[in-house]
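J.: Got a structure for you, written out below as structure tokens; questions coming shortly.
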Amino acid sequence: MTDNRKPPADVFRYAPAPESRSIVDIKPSYGLFIGGEFVDGHGKSFKTISPSTEEVLAEVAEADDADVDAAVKAARRAYDRVWSKLPGRERAKYLYRIARIIQERSRELAVLESIDNGKPIKESRDVDIPIVAAHFFYYAGWADKLAYAMPQSAGRGTDPQPLGVAGQIIPWNFPLLMLAWKIAPALACGNTVVLKPAETTPLTALLFAEICQQADLPPGVVNIITGAGGTGQALVGHPGIDKVAFTGSTDVGKAIARTVAGTDKKVTLELGGKAANIVFDDAPLDQAVEGIVTGIFFNQGHVCCAGSRLLVQESIADELLAKLKRRMSTLRVGDPLDKNTDIGAINSAEQLARIRELSDIGEAEGAGRWSPECELPQHGFWFPPTLFTDVTQAHRIAREEIFGPVLSVLTFRTPAEAVEKANNTPYGLSAGVWTEKGSRILKIANQLRAGVVWANTFNKFDPTSPFGGYQESGYGREGGRHGLEAYLK
Amino acid sequence: MTSTPTVLDDVTRTESSLRQFLHGLPGVDQVGAEARAAGLGTRSIKTSAKAYALDLAIRMVDLTTLEGQDTPGKVRALAAKAMRPDPADPTCPAAAAVCVYPDMVATAKETLGSSGVSAVKVAAVATAFPSGRAALDIKLADTRDAVEAGADEIDMVIDRGAFLAGHYQQVYDEIVAVKAACARSNGEDAHLKVIFETGELQTYDNVRRVSWLAMMAGAHFIKTSTGKVQPAATLPVTLIMLEAVRDFRELTGQMVGVKPAGGIRTAKDAIKYLVMVNEVAGQDWLDPDWFRFGASTLLNDLLMQRTKMTTGRYSGPDYFTLD
């Protein structure tokens with residue numbers, strides 16, 4: 001019964017369990033999806049690579065100003081001639097059809113997402129793609145009930161109307177999921193869209209274009225143009241769009257806000273975050289550890305609402321950190337297509353450089369850096385799960401969004417101090433509260449300046465729940481009934 | 001010799017200190033615990049890892065028959081099966097133990113002993129199994145009876161009524177007393193497994209508390225269920241117990257084993273449990289001395305999967321022995 005036994009001779013090593021790539025068919029090159037067809041762009045093309053191997057996956061067209069103009073015109077034509085004239089129940093049929101095709105092709109989408117983005121297959125399979133389908137199902141249900149969608153007091157009457165053409169720009173962290181968050185409500189409300197996926201992760205959006213064809217969606221209702229920042233600027237600045245929806249960095253969000261200032265384009269921005277995950281001394285500790293891990297290591301920490309600041313009550317800090325480190329030692333970093341991988345590849349060399357830079361600054365500023373022992377693959381972009389102890393509000397790693405698997409650990413003494421520290425940020429996208437005391441959850445949640453507050457959980461998403469930020473985390477809400485308001489007038 | 005580790009001496013001194021300690025353990029968030037258990041259940045165990053896990057699982061089976069209709073013949077057959085789960089394959093390991101009622105211990109011992117070097121142990125349920133509704137001296141007599149008949153392990157049930165009524169000291173004292181009854185004059189004491197019947201305790205907070213209570217009282221193993229109450233073993237309940245033994249070792253340096261029992265019927269399920277043991281308690285527990293499955297039908301599914309691993313084909317149930 002004492003602890004002096006020798007360890008078992010052999011250990012339980014999980015053999016590789018890779019998901020097959022054979023289900024996806026990546027073409028050597030892709031054009032732009034405009035007016036229901038793939039067309040060649042007028043601009044240059046660029047390569048998209050697999051961040052886990054640096055293998056080139058495909059050449060993708062970079063839309064120039066003329067391409068953007070063609071896409072906006074196609075969207076306008078589709079809006080004027082078809083989509084805005086269809087009754088809601090008819091629009092719903094297309095959305096339901098798209099949702100079902102996404103479910104039918106879910107494995108293909110999940111594998112492609114993991115290849116192009118670097119995220120673990122268990123996340124693309126169990127989180128991203130199921131929520132994508134759920135989002136289309138959810139907004140399909142709203143399409144013929146828009147009269148109930150808007151608060152009457154806002155003076156919008158009972159017959160809300162679509163805005164017109166929406167220009168949508170999405171990030172690389174949840175490529176297809178962000179596409180769904182943008183396209184599903186826009187289409188349900190009767191808008192048509194021009195969507196630009198991120199430069200490093202265009203492939204699932206292009207597969208979605210094929211799904212639109214498969215669903216017989218009228219040409220021009222959805223247009224997908226690939227490209228980098230210049231393409232995005234051309235889209236945002238195009239006079240033919242009525243609405244800009246952007247998810248991405250706060251810097252780009254500010255630039256977009258400046259561009260559209262003075263026009264009558266409506267804007268929603270979902271930007272960065274530096275969320276506090278607050279653990280009180282009466283928290284369910286083992287589940288809090290899981291929540292901390294989910295909060296910061298889910299999707300390699302490439303999550304705008306990541307719980308990147310752990311605020312732990314000082315009286316339990318040592319115990320919690322010991323548990324957290326032990327748990328981090330079981331995280332499996334590696335091949336995104338292996339079904340047992342917990343942490344995949346960093347999405348790009350650029351992002352890896354940013355994570356390294358901020359982590360080095362954290363060390364230089366005197367915080368204690370710790371990572372479990374883990375072997376990183378030779379090729380591709382990788383960063384081990386990392387935590388920094390003894391971080392204070394005066395550290396840059398407590399203030400700036402790292403957007404990687406790096407956790408800053410701070411302590412607090414009282415609930416008031418926890419709230420003060422949590423709110424001491426220019427961001428305000430999300431927060432977490434861990435305590436077994438229900439009354440404390442309600443009180444603290446009311447005091448936190450964050451668009452989403454999770455209690456005894458973290459990073460849970462559902463199409464019925466609105467999502468969005470305070471301050472530099474952006475404005476407007478996506479998801480739920482609130483998400484409709486961004487696409488109606 | 002007192003069973004309670006010295007760091008916890010003060011805790012078990014009075015009813016109120018015991019209550020304070022148990023109620024001061026961190027709570028369990030049900031949704032989070034179930035999500036963690038489900039997450040571990042998605043691990044994909046293939047090829048060499050699967051072969052390792054199947055053999056380990058076979059070695060961890062407490063092959064069980066606990067029926068009113070049990071006869072010496074039935075118990076002999078079960079014991080033979082435990083020694084040679086797959087007579088066609090000499091590389092197949094033996095099960096850990098057979099688990100029977102006290103009156104069948106002698107028969108089981110005889111069968112297992114007669115084969116010479118069999119390491120298969122005999123576990124006996126005792127203490128008015130499965131309900132535990134009897135006076136303490138009857139439970140102790142029941143235990144001593146099984147120990148005298150040669151049981152290597154005693155699977156006792158706690159008094160769930162006393163636990164739910166908050167009489168923690170009573171439950172604690174009873175475990176201590178049963179443990180004393182497991183003693184043998186030659187020093188080869190029977191090992192004590194303490195069954196909680198988690199299906200009756202219901203909440204994960206209760207499972208965590210009773211785990212600590214039993215470990216402090218000197219349990220060698222903590223066990224989920226009798227198999228007579230639904231739900232029996234579940235992954236989340238086992239998760240809470242594995243966390244408890246892990247934390248107990250952290251605090252006291254002592255290792256306690258875990259035995260989920262009842263409801264684990266497939267190799268796939270068993271492998272999920274082993275993944276959980278590996279990632280929650282750690283690899284030190286991946287050994288029949290520290291983790292067991294209380295099961296009857298599980299063994300044949302493990303054997304079928306094992307044969308499939310070696311031959312590449314599934315064989316029908318006719319190719320595996322009954323019992």
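J.: May I ask what percent, to the nearest 5, of DSSP beta bridges between residues of the range A:276-463 are antiparallel?
T.: 10 percent
J.: Here is a follow-up. Using helices alone, what [θ] at 222 nm do you get for chain A, with -39,500 (n - 2.57) per DSSP H run of 4 or more residues, divided over all residues and rounded to the nearest 500? Numbers along the way, then the final one.
T.: Numbers: 14 runs with 170 residues, N = 489.
Computed ellipticity for chain A at 222 nm equals -11000 deg cm²/dmol.
J.: List the relative contact order of chain B as a percent without decimals, with contacts defined as Cα pairs under 8 Å and 6+ residues apart.
T.: Value for chain B: 20 percent.
J.: State, in square angstrom and to the nearest 100, the accessible area buried between chains B and A, both chains counted, probe radius 1.4 Å.
T.: About 3100 Å² of accessible surface is lost on pairing.
J.: From largest accessible area down, sort B:Val28, A:Val82; use a 1.4 Å probe on the protein chains. Mind showing how you got there, number by number?
T.: Details: B:Val28 10, A:Val82 55 Å².
Listed by decreasing accessible area, they come as A:Val82, B:Val28.
J.: Please label the shape of the range B:24-310 as rounded, prolate or oblate, based on the square roots a ≥ b ≥ c of the eigenvalues of the alpha-carbon gyration tensor (a/c under 1.5 means rounded; beyond that, a/b larger than b/c means prolate, else oblate). Show your work: numbers first, answer last.
T.: Details: a/c = 1.74, a/b = 1.05, b/c = 1.65.
Because a/c hits 1.5 or more and a/b fails to exceed b/c, the range B:24-310 counts as oblate.
J.: Per residue of A:23-29, how many C-beta atoms from partner chains lie within 10 Å of its own C-beta, taken as a mean?
T.: 0
J.: Quick one: of the DSSP bridges fully inside the protein assembly as shown, what percent are antiparallel, nearest 5?
T.: Antiparallel: roughly 20 percent of the beta bridges in the protein assembly as shown.
J.: Continuing with this model, one more query. Round to the nearest 10 and give me the degree value, 0 to 90, for the angle of helix B:136-148's Cα axis relative to the longest principal axis of chain B.
T.: Between the helix axis and the principal axis of chain B, the angle is about 40 degrees.
J.: Something else now. Quick one: with all protein chains in place, what share of the accessible area of the protein assembly as shown is carbon or sulfur, to the nearest percent (1.4 Å probe)?
T.: The value for the protein assembly as shown is 50 percent carbon and sulfur by accessible area.
J.: Provide the FRET efficiency to the nearest 0.05 for the A:Ser45-B:Arg313 pair, computing r from the beta carbons and using R0 = 41 Å.
T.: The value I calculate is 0.20.
J.: On the full set of protein chains, 1.4 Å probe, figure out the accessible area of B:Arg19 and give it in Å² to the nearest 10.
T.: Rounded to the nearest 10, that gives 100 Å².
J.: Does anyone have the angle between helix A:88-104 and the longest principal axis of chain A? Alpha-carbon axes, 0 to 90°, nearest 10?
T.: Long axis of A:88-104 versus the principal axis of chain A: about 50 degrees.
J.: On to the next question. With only alpha-carbon atoms counted, please give the Rg and Dmax of the range A:215-302, in Å.
T.: Rg then Dmax for the range A:215-302, in Å: 19.3, 57.
J.: If you rank A:Thr411, A:Thr204, B:Thr91 by how much accessible surface each has, with a 1.4 Å probe, what is the order from largest down? Kindly include the intermediate steps, with their values, before the conclusion.
T.: Details: A:Thr411 50, A:Thr204 0, B:Thr91 95 Å².
Putting A:Thr411, A:Thr204, B:Thr91 in descending order of accessible area: B:Thr91, A:Thr411, A:Thr204.
J.: Please list A:219-229, A:178-188 highest first by mean number of surrounding beta-carbon atoms within 10 Å per residue.
T.: A:178-188, A:219-229
J.: As a test question: what accessible area, to the nearest 10 Å², does A:Lys421 have when a 1.4 Å probe is rolled over all protein chains in place?
T.: Its accessible surface works out to 50 Å², give or take rounding.
J.: What do you reckon, how do A:Ser249, A:Ser439 stack up by accessible area (1.4 Å probe), largest on top? Display every interim value, and only then the final one.
T.: Working: A:Ser249 55, A:Ser439 80 Å².
Ranking A:Ser249, A:Ser439 by accessible area, largest first, yields A:Ser439, A:Ser249.
J.: Any chance you could look up the accessible area of A:Glu59 with a 1.4 Å probe, heavy atoms only, rounded to 10 Å²?
T.: Only protein atoms counted, so the area is about 60 Å².
J.: Relative to the longest principal Cα axis of chain A, at what angle does helix A:65-81 sit, 0 to 90 degrees, rounded to 10?
T.: Tilt relative to chain A: about 70 degrees.
J.: Over the range A:276-463, give the accessible area per residue in Å² for a 1.4 Å probe, as an integer.
T.: Ligands and nucleic acids excluded, the figure is 36 Å² per residue.
J.: Could you check which residue among B:Arg133, B:Arg59, B:Arg313 shows the biggest mean-square fluctuation in a GNM of chain B with a 10 Å Cα cutoff?
T.: Highest fluctuation among the options: B:Arg313.
J.: Could you sort A:319-328, A:18-27, A:335-344, A:382-391 so that the peptide with the highest average Cβ count within 10 Å comes first and the rest follow in order?
T.: Result, highest mean first: A:335-344, A:382-391, A:319-328, A:18-27.
The values are calculated or read from the model by the stated rules, or taken from the named source; none is laboratory data. No experiment lies behind these values; they were computed from the predicted model shown. Ideal geometry is used to build each Cβ from the backbone, glycine not excepted, and the neighbour counts take in all protein chains shown. Ligands, DNA and RNA are excluded from the accessible area calculation, which covers all protein heavy atoms including side chains. Shrake-Rupley method; radii C 1.70, N 1.55, O 1.52, S 1.80 Å.
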